[in-house]
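Participant: This structure is in structure tokens; I'll ask about it shortly.
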Amino acid sequence: NTPLSVDMLLSYLEHLHRDDIVDIIHKAQECDEEARQVFISYQWDSQDEVSLLRDQLEKAGFTCWMDIGQMGGGDHLYARIDEGIRNAKVVVACVSPKYVASHHCHKEMGLADLLRKPILPIMYERVPWPPQGAMALVFASLCYIDMKGVGGHGGSGIHADLQSKYQEIIQRISNFASPLSQPPAE
């Protein structure tokens, strides 16, 4: 029951015109509680800041995939990342100089782009925009949200506080996914 085997099975069933079985499999996939709405792509050095973002998104009612808490002993890292990106409604790219240099982050963004997933870049540390190299092909047409408040393309402007930036991110994600639960009243 790996994503690859399910995709292959679906392909064969479609070829055999067994739409009834394809529909059953698709409905089962929709009910899969493991699927997360937001895939968070980041480089390990920014893990603490990115965990704060994940917490804000989850408080807003979105389910998030981040390689902390989603992986267990014996899991195949690349298979789980592939599954997380494929099932996500939106991919958040937490950009920093180490992120744009990371081979693994390149792979994640390449897959997200290939699958035509909406990508929301969030600038955690300043890099030239678009960054040079393979990420330029993915990011060139995208606007980013600058978490440090010094310029950038974020709609909340350069003087926005951190909470305003989180709200902007939540609003952007809401364009692609609906919160599964209502945030608690404060």
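The values are calculated or read from the model by the stated rules, or taken from the named source; none is laboratory data. Given the structure is predicted, the values throughout are model-derived calculations rather than measurements. Every residue, glycine among them, receives a Cβ derived from its backbone with ideal geometry; neighbour counts consider all protein chains shown.
Participant: Starting from residues that are assigned to a helix (DSSP H, G or I), at pLDDT below 90 and not charged (D, E, K, R), keep the ones in the range 13-35 and report whichever is surrounded by the fewest Cβ atoms within 10 Å (Cβ to Cβ).
Facilitator: It comes out as 28.
Participant: Please verify whether residue 116 is of a type in the set (Lys, Arg) and at pLDDT 95 or above, treating the condition exactly as stated. Full working, then the answer.
Facilitator: Details: of a type in the set (Lys, Arg): yes; at pLDDT 95 or above: yes.
Against the criterion (of a type in the set (Lys, Arg) and at pLDDT 95 or above), residue 116 qualifies.
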